[in-house]
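Written below as structure tokens is the structure these notes are about.
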């Protein structure tokens with residue numbers, strides 16, 4: 001089954017299409033998250049918007065070229081300050097880092113995230 005595209009944006013990275021959107025996550029107490037999914041669903045990323053987090057959650061089967069558990073794995077995202085608004089440029093940079101980056105540092109998050 002493919003990724004729902006209606007009302008969402010797409011972005012190309014290399015030869016792969018990713019779908020992205022910003023929305024409320026009911027399971028995360030109504031927090032707002034940026035969600036990014038590759039069309040084949042191997043790469044699934046989430047970034048909490050507006051809270052100043054410096055981590056990205058990988059929920060897919062691949063992250064930085066390595067096979068993952070498919071569960072939420074959080075990694076420190078190297079940025080000086082969080083974006084004021086989610087833009088295509090920010091999304092592209094996050095995808096680039098998640099696909100071709102190396103040596104992401106795992107983050108332990110306490111609480112219900």
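The values are calculated or read from the model by the stated rules, or taken from the named source; none is laboratory data. Values in this document were obtained by computation on a predicted structure and should not be read as measured data. Cβ atoms come from the backbone with ideal geometry, glycine included; neighbour counts cover every protein chain shown.
Points worth noting:
- Residues of segment 66-88 classified as more than 16 Å from residue 33 (Cβ to Cβ) and not in a loop (DSSP other than H, G, I, E, B), total: 4
- Taken across segment 16-23, residues that are at positive phi and at pLDDT 95 or above do not occur at all.
- Failed item in (1) buried (at least 18 other Cβ atoms within 10 Å of the Cβ); (2) at pLDDT below 95, with residue 45 passing the rest: (2)
- Which listed residue is part of a loop (DSSP other than H, G, I, E, B) and surrounded by 14 or more Cβ atoms within 10 Å (Cβ to Cβ), from 56, 3: 3
- Matching option when the condition is more than 13 Å from residue 18 (Cβ to Cβ), at pLDDT 95 or above and under 11 Å from the mean Cα position of the chain (by Cα), among 63, 55: 63
- If you go through segment 66-89 and keep only what is in contact (Cβ under 8 Å) with a residue 40 or more places away in the chain and within 17 Å of residue 16 (Cα to Cα), you end up with just 88.
- Residue in segment 74-92 that is modelled with pLDDT of 95 or more and on the phi > 0 side of the Ramachandran plot present: no
- When residues of segment 24-40 are limited to those that are part of a loop (DSSP other than H, G, I, E, B) and over 21 Å from residue 54 (Cβ atoms), the one modelled with the lowest pLDDT: 30
- In the set 11, 19, only one residue is within 23 Å of residue 104 (Cβ to Cβ), in contact (Cβ under 8 Å) with a residue 40 or more places away in the chain and in a strand (DSSP E or B); that residue is 11.
- Output for segment 14-42, where each listed residue is surrounded by fewer than 16 Cβ atoms within 10 Å (Cβ to Cβ) and touching a helix residue (DSSP H, G or I) at 6+ places or on another chain (Cβ under 9 Å): 14, 16
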